[in-house]
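Once you've had a glance at the structure underneath, I'll fire off some questions.
The values are calculated or read from the model by the stated rules, or taken from the named source; none is laboratory data. Just so it is clear, the model here is predicted, and its values are computed rather than measured. Because the Cβ atoms are built from the backbone with ideal geometry, glycine has one as well, and the counts that use them run over all protein chains shown. Just so you know, the surface numbers come from the protein's heavy atoms only, side chains and all, with ligands and any DNA or RNA stripped out. Shrake-Rupley method; radii C 1.70, N 1.55, O 1.52, S 1.80 Å.
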Amino acid sequence: MGKKGFTLIEMIIVMAIISILSYLIMPSIASSLQMGNNSADESNLLVLNSTTMFLRSTLTGNDPFEDASKTSEELMTVLVNKKLLPNKLKPLATGKKFAWFREHGKWDYEDAILGDFDDEEDDDNDDDDDEVITDPNEDTDPPVTGPQIWDNKKEYSTGDEVIYNGTNYVARKDTTSTPGTVDGDWQEFTPDFRPFNHYGLGDIVMYNGKEFRSRASFTFNELPGLVSSPWQEITNEWRNFNVYNAKEVVVYKGSSYEAKTFREAGADKEPTSPRFWRKLK
């Protein structure tokens, strides 16, 4: 009986077939790996930007992402220390690096030119940007306006809108102050009471889940719900800090009382004084 096995010619043929298949398959595998890396990098960018936006919207102190002295590596460490990232993220694609662009308020690749993306390649395939010649008489779109990320090195004019810690503010006058401070010059866009906001007669705010209306033509840094503050809670329940006019009716411990005369804030501890109130049957 003859020996079983491959002859030399058969082995050469098998090796040739394997070589040809490798030649055909490897570029496809490499391309798939590159696409996978790019997809993973884009996902990590989304994670970086979403976690950064969340952190900045919850900050109560200084914003490290507005600090020009902070490197991208240090800011990545901030996210890790805040438990928003399990570890520092690095691109899988060769030669790329994530970086924080403070002037644009977002993460991108280190060599990206934010705000001037062009998906089309140069027609002449050179490294220089093609010169764009425009007709001076041609109508152009007006510049984009709207809130910008607050910059502590910039002076703002009355009416300028900025975003600071994820919140929108408008400047009440020319200022270099920080938004959200009592001694600043910014008005936050919110229905909730803010001690640094300025309010006028009839303005309504929310405070501790309750509605208040201003009795003063101008007020700020005065908490609603105090006898000394010019805020009127919008409720039919009796409030010691509210002001009442004659004939107004309030509810106190399940009973109704009618004001007999004008009653100042803090004039009595309960609406049972015969001087000011008449209990309704």
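Starting from the residue with the highest accessible area, list Asp268, Asp67, Asp174 in decreasing order, probe 1.4 Å. Walk me through the numbers on the way to the answer.
Values: Asp268 15, Asp67 60, Asp174 90 Å².
Order by accessible area, largest first: Asp174, Asp67, Asp268.
Determine the sum of side-chain charges near Asn152: Lys and Arg each +1, Asp and Glu each -1, restricted to other residues whose C-beta is under 10 angstrom from that of Asn152. Write out the running numbers ahead of the final one.
Numbers: positive: Lys153, Lys154; negative: Asp63, Glu66, Asp67, Asp151.
It works out to a net charge of -2.
Related question: With a 1.4 Å probe and all protein chains kept in place, how do Leu226, Leu24 rank by accessible area, largest first?
The most accessible residue leads, giving Leu24, Leu226.
Now, a different point. Amide H to amide H, which residues 5 or more places from Asn242 or on other chains are under 5 Å from it, using H placed in the peptide plane?
When sequence neighbours closer than 5 places are left aside, the close amide H contacts are Gly266.
Which ³J(HN,Hα) values, rounded to whole Hz and listed in residue order, are derived for region 13-18 from phi using the Karplus coefficients 6.51, -1.76 and 1.60 in 6.51 cos²θ - 1.76 cosθ + 1.60 with θ = phi - 60°, glycine and proline given as x?
Karplus-based 3J(HN,Hα) across region 13-18 equals 5, 4, 5, 5, 4, 4 Hz.
Where Lys and Arg each count +1 and Asp and Glu each count -1, what net charge lies around Arg172 among other residues with Cβ under 13 Å from its Cβ? Mind showing how you got there, number by number?
Numbers: positive: Lys173, Arg194; negative: Asp160, Glu161, Asp174, Asp183, Asp185, Glu188.
In short, -4.
Calculate, for Asn49 and Thr181, the FRET efficiency according to 1/(1 + (r/R0)^6) with r their C-beta to C-beta distance and R0 41 Å; round to the nearest 0.05. Present the calculation step by step, with values, prior to reporting the outcome.
Numbers: r = 27 Å, r/R0 = 0.66.
Efficiency computed from Cβ-Cβ geometry: 0.90.
Skipping prolines and chain starts, which residues have an amide H placed within reach, meaning under 5 Å, of the one on Ile149, given they are 5 or more residues away or on another chain?
When sequence neighbours closer than 5 places are left aside, the close amide H contacts are Ile163.
Determine the order of Thr7, Thr190, Thr175 by accessible area, beginning with the largest, at a probe radius of 1.4 Å.
Working: Thr7 75, Thr190 35, Thr175 5 Å².
So the residues, ranked largest to smallest area, are Thr7, Thr190, Thr175.
Could you pull out every residue, at least 5 positions away or on a different chain, whose amide H is within less than 5 Å of the one on Asp185? Hs are placed 1.01 Å off N in the peptide plane, and Pro or chain starts have none.
The list, which skips near neighbours in sequence, is Ser177.
So which lysines pass the test for Lys82, namely a Cα distance under 28 Å, with those fewer than 8 places away in the same chain ruled out?
Result set, ordered by chain and number: Lys70, Lys90, Lys96, Lys97, Lys106, Lys153.
Under 16 Å from a label point 7 Å along Cα→Cβ of Leu226: give me every residue in region 246-281 with its amide N that close.
265-266, by backbone N distance to the label point.
Hey, with R₀ at 45 Å, roughly what FRET efficiency would Lys153 and Lys279 work out to, going by the Cβ-Cβ distance, to 0.05?
Once rounded, the FRET efficiency stands at 0.10.
At what distance in nm do the modelled label points of Lys70 and Thr235 sit from each other, each positioned 7 Å from its Cα along Cα→Cβ?
Those two pseudo-labels are separated by 4.0 nm.
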